[in-house]
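To start, the structure itself, in C-alpha cells.
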Number of protein chains: 2
Amino acid sequence: MTQLLRAQTPGSVREQVSAWRSAGQRIALVPTMGNLHDGHLSLIRIAAEHADRVVCSIFVNPTQFGPSEDIASYPRTPEADDALLAEQGIVDLLFVPSEDDIYPHGLNGSVVVNLPALVGELCGRSRPGHFNGVASVVLRLLNIVTPDVLVVGRKDYQQAILLARMIRDLHLPVEILLGDTVREADGLAMSSRNQYLTPAEREVAGTLHAVLQELAVQLRNGGASIDKLAPRAREQLVSAGFKPDYIELRRARELGAVTSKLPDEPLILLGAAWLGRARLIDNVPV
Amino acid sequence: MTQLLRAQTPGSVREQVSAWRSAGQRIALVPTMGNLHDGHLSLIRIAAEHADRVVCSIFVNPTQFGPSEDIASYPRTPEADDALLAEQGIVDLLFVPSEDDIYPHGLNGSVVVNLPALVGELCGRSRPGHFNGVASVVLRLLNIVTPDVLVVGRKDYQQAILLARMIRDLHLPVEILLGDTVREADGLAMSSRNQYLTPAEREVAGTLHAVLQELAVQLRNGGASIDKLAPRAREQLVSAGFKPDYIELRRARELGAVTSKLPDEPLILLGAAWLGRARLIDNVPV
C-alpha cells in the first residue's frame, strides 16, 4: 500500500523523481485528464507492474480541445480522483499542475509539436489540432517527470500510435506501453465522455463496439472487403441513433492505409460516432 | 588531456552518456555543423568548465536550410574537425550522426517543433522555417545526449534566445549557456560562411561589426533614436558593398521590441547583411 504524495509544480515533481532515480528506481507515468474510471485504474496497475514508482498526472489540457469542443463541460472531479488514488494505494505521486505550470508562456506563446500527416486522418479530420495538442502536453509531461515508462490506453489508439511515433522520432528516452480498453458489460469502452449520454442513449451506446466486432468477424472470415461491409455497419449505427464519423480498417502498427488485398500483418478496425452530445470512439483488432 | 571517443548512432551515445551519469558526472553538449573554428573551440572550453564530460555533435541539419539556401555548398571538413578535436583534448565524445540517425522517419515524416512568433522576425524574415529546423534538431540532440548543460554561441543570438525559450517552455531538464562571439582581428565574427567571401569582400567584411559598434556607442550616448540612426548605418554598409538585411535594436532578454523611450534593461543591436555569397550576422550589446 503506497502512500500518495501530491505535487503541483514541475520543480517539486522533479525533486521527488530525482530522489527515486538516485535510489535506482524505475518511474512510470500515466497521464490523464482526471475524472478517473476503471480504464485509468487499469493503466495505473500496468504502470505499477513495469516500474517501482508510479506518477499519475491530471491535467485537462486546453491545447487539445478545438474551439467548438467540450473543454468547459469536460467532467472534473478532483476530490474524488484524489480519494480514489489514495484508496487504491498504487500511485506514488499525483501531479496536478495548473495551466501556467505546464504552459509558462501562455497558450499563444507556446512551442507546439507538429506531428506527421496521420494527425489529419481518422479522428484528426473532425478534430483539427487535437493530436498536436496532445503531443505538446505529453512532451512537456515527459520532460517534467522523465519517466522510464509511459502508459496510455489502447482505446485512444490513434493517439497512442502518434505518441509512439513522437517518442521514436524525437529520440525520447522512454518506453511506451498500451493498456487494453476496459469496457462496460455491454461492450461500451469506458470514457469520461460517456457521462454526456442520456439514459436512452446509454442503452444503445454499446452498439458501436458490437458493430465493430461484427465487422471484424466478417473481415476475418474473408467474405467481403471493408468497402463492401462498412456502409452496412454505418447503417446499423444510424439505426441505433448514432451519427457515424468514420469506420476504417488500417494496419495496426502505424495506422497505414489498407488497400485491396489484406496485408499479412496485424490490422485494426477503428470507428467514431456521435451519440447525442458524446463523440464515442472505439477500435478492435482484426 | 582527454581521449576523444567517437559515436555515430543515438544508441551508442546513450550507452556512453549513461555510463558517465552512473559515475555521477555532469555532461555538456556543444552542437555544431562542423567546419570547426576558434568560435567552436571557445564554446567547447566553456562546456569543459561547466561539466565533467563534453559531447560535441557535428551534423549539417537539412531541416534548417531553406530550399534556396547553401546546404549543398556548406563547408564540410570531417577529417580536419576530428583531428582538431583529438589534438585539443577537451572533448570526450564526438557524435557524428547520419541524417537517418537523427530523422529515422525521413525529413517529410518527421515531427517538427514550432516555436513562437519570434521565429518570423529578424533573421526569420529572410529565412522562413530556419529556427523551427534548428529547434527540431537541437531537441533531438538534447534527447539523445541528455546533457546537463547546452552551450551555444552568442553570435547566433536569436537562435540562442529561441532555444532558451524552447527549453523553458518544454520543461527540458538542461541549462543553456551562451558563449561570447570570437572575432577576427578586424572584428568580423568567426563563421564557417566567412569562407564564401572573396579576398576583396573579406577586406571589408569587418565593416558590419564596426557599423554596429559605432551605432551602439551613439545609442549609449543618447544623441538620437535607432530610427534616426539606422538609415545612416545601412548606408555605410551599402557603401562598403553589403546588401543590408536588417539592423534592429531589441530588448536583450527575450528580443522584445523597443519602442520610443529606451527601457531600463539590457538592449542588443542586431544586424544581418549579405556580402557576395555570404549572409553575415552579428550583434553587440548596447
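Does anyone have the angle between helix B:130-145 and the longest principal axis of chain B? Alpha-carbon axes, 0 to 90°, nearest 10? The helix B:130-145 is inclined about 30 degrees to chain B. Here is how far apart the B:V238 label points are across copies: 6.8 nm, shortest first, using a point 7 Å from Cα toward Cβ. Distances between copies of B:E254, taken at a point 7 Å out from Cα along the Cα→Cβ vector and listed shortest first: 4.0 nm.
Annotation note: GluC sites (Glu not before Pro) in region B:192-283 located in DSSP loop regions with a Cβ neighbour count of at most 16 within 10 Å are B:E254.
For B:L5 and B:R76, what does the FRET efficiency come to when R0 = 30 Å and r is the distance between their Cβ atoms, rounded to the nearest 0.05?
Numbers: r = 21 Å, r/R0 = 0.71.
That gives a FRET efficiency of 0.90.
Relative to the dominant Cα principal axis of chain A, helix A:226-239 is inclined by about 80°. Any idea what log10 I(q)/I(0) is at q = 0.13, 0.14, 0.17, 0.18 Å⁻¹ for region B:140-261, Debye with uniform C-alpha scatterers and no solvent? Calculated log10 I(q)/I(0) at the listed q: -0.69, -0.78, -1.02, -1.08.
Among beta bridges from DSSP that stay inside the protein assembly as shown, the antiparallel ones total about 50%. Here's how it looks for A:R183: its modeled amide H is under 5 Å from those of A:M190, which are all 5 or more places away or on a different chain.
Here the convex hull built on the C-alpha positions of region B:115-176 has a volume of 69 cubic angstrom per residue.
Between copies, the label points of B:D38, set 7 Å from Cα on the Cα→Cβ line, lie 7.2 nm apart, reported in increasing order to one decimal in nanometres.
More than 19 angstrom separation, counting every C-alpha pair in region B:192-285; what % is that? All intermediate terms of the calculation are to be shown ahead of the outcome.
Working: 1717 of 4371 pairs.
Summing the P(r) of region B:192-285 above 19 Å gives 39 percent of all pairs.
Per-residue Cβ neighbour counts within 10 Å put A:M1, A:M190 in the sequence A:M1, A:M190, beginning with the fewest.
With the cut-off at 36 Å, report for the protein assembly as shown the share of all Cα pairs above it, as a whole percent. Of all Cα-Cα pairs in the protein assembly as shown, 45 percent lie more than 36 Å apart.
The lysines within cross-link reach of B:K243, meaning a Cα-to-Cα straight distance under 23 Å and a gap of 8 or more places when in the same chain, are B:K155, B:K228. The mean of 1/r over all pairs of different alpha-carbon atoms in chain B, once inverted, gives a Kirkwood hydrodynamic radius of 19.9 Å. The antiparallel fraction among DSSP beta bridges confined to chain B stands at about 50%. Under a 5 Å amide H cut-off, with hydrogens placed 1.01 Å from N, A:Y246 pairs with A:A272 among residues at least 5 apart or on other chains. Spread over its residues, the convex hull of the C-alpha atoms of region A:35-165 is 115 Å³ per residue. Close amide-amide hydrogen proximity is noted between A:L280 and A:A273, A:W274, A:L275, each under 5 Å apart and 5 or more residues distant or on a separate chain (H modeled in the peptide plane; Pro and chain starts excluded). An oblate overall shape is assigned to region B:169-218, the ratio a/c of its alpha-carbon gyration tensor axes (a ≥ b ≥ c) being 1.5 or greater and a/b not exceeding b/c. In degrees between 0 and 90, to the nearest 10, how far off the longest principal axis of chain B does helix B:78-88 point, with axes built from Cα atoms? Between helix and principal axis, roughly 80 degrees.
Bear in mind that the values in this text are calculations on the coordinates, not laboratory data. Because the structure is a prediction, the values reported are computed rather than measured. A quick note on method: Cβ atoms are made from the backbone with ideal geometry, for glycine too, and the neighbour counts reach across all protein chains shown.
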